[in-house]
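Student: Submitted below is the structure of interest, expressed as structure tokens.
The values are calculated or read from the model by the stated rules, or taken from the named source; none is laboratory data. Bear in mind that the values here come from a model prediction, so they are computed numbers and not experimental data. Don't worry about glycine lacking a Cβ; one is built from the backbone with ideal geometry, like all the others, and counts go over all protein chains shown.
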Amino acid sequence: MGAVWQHNVAAVEAFLACQTQWRWVPRYGARDRAAGLDYAGCDVALRHAGVAVTPDLWEQFQVIELAAKAALNEG
């Protein structure tokens, strides 16, 4: 992970473990919108990936989620 600062690596790895857990809101006549990650699904994914979630890691994870959600919903 050359482009990720070392102190963010754990949060990025946790986010990537949950990358398939997005919830989408269908919109008639428009693009679906990302609502956010399904935290129940993320809990399972993180446990299976062996990730110990600390409050600090969770905070970093949510920052990544919000940025990804904004990027997914652009346009």
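Student: Scan segment 29-50 residue by residue and report those that are farther than 14 Å from GLN19 by Cα and assigned to a loop (DSSP other than H, G, I, E, B).
Tutor: Of everything in segment 29-50, those that are farther than 14 Å from GLN19 by Cα and assigned to a loop (DSSP other than H, G, I, E, B) turn out to be GLY29, ALA30, ARG31, ASP32, GLY50.
Student: Another question, then. Is it true that some residue in segment 19-26 is surrounded by 13 or more Cβ atoms within 10 Å (Cβ to Cβ), touching a residue at least 24 places away in the same chain (Cβ under 8 Å) and in contact with a helix residue (DSSP H, G or I) (Cβ under 6 Å, 6 or more places away or on another chain)?
Tutor: yes
Student: Answer yes or no: is there a residue in segment 55-66 that is touching a Leu at 6+ places or on another chain (Cβ under 7 Å) and of a type in the set (S, T, N, Q).
Tutor: Within segment 55-66 (the criterion being touching a Leu at 6+ places or on another chain (Cβ under 7 Å) and of a type in the set (S, T, N, Q)), the answer is no, since none of the residues qualifies.
Student: Now, a different point. What single numbered condition from (1) under 11 Å from the mean Cα position of the chain (by Cα); (2) of a type in the set (A, V, I, L, M); (3) modelled with pLDDT under 95 fails to hold for LEU66?
Tutor: Condition (3) is where LEU66 drops out.
Student: Would you check if there is a residue in segment 4-19 being assigned to a loop (DSSP other than H, G, I, E, B), at pLDDT 95 or above and of a type in the set (D, E, K, R)?
Tutor: No, that holds for no residue.
Student: Take the conditions of a type in the set (Asp, Glu), closer than 12 Å to GLN19 by Cα and either in contact (Cβ under 8 Å) with a residue 40 or more places away in the chain or not in a helix (DSSP H, G or I) (or both) and apply them to GLU74. Does it pass?
Tutor: Answer is no for this residue.
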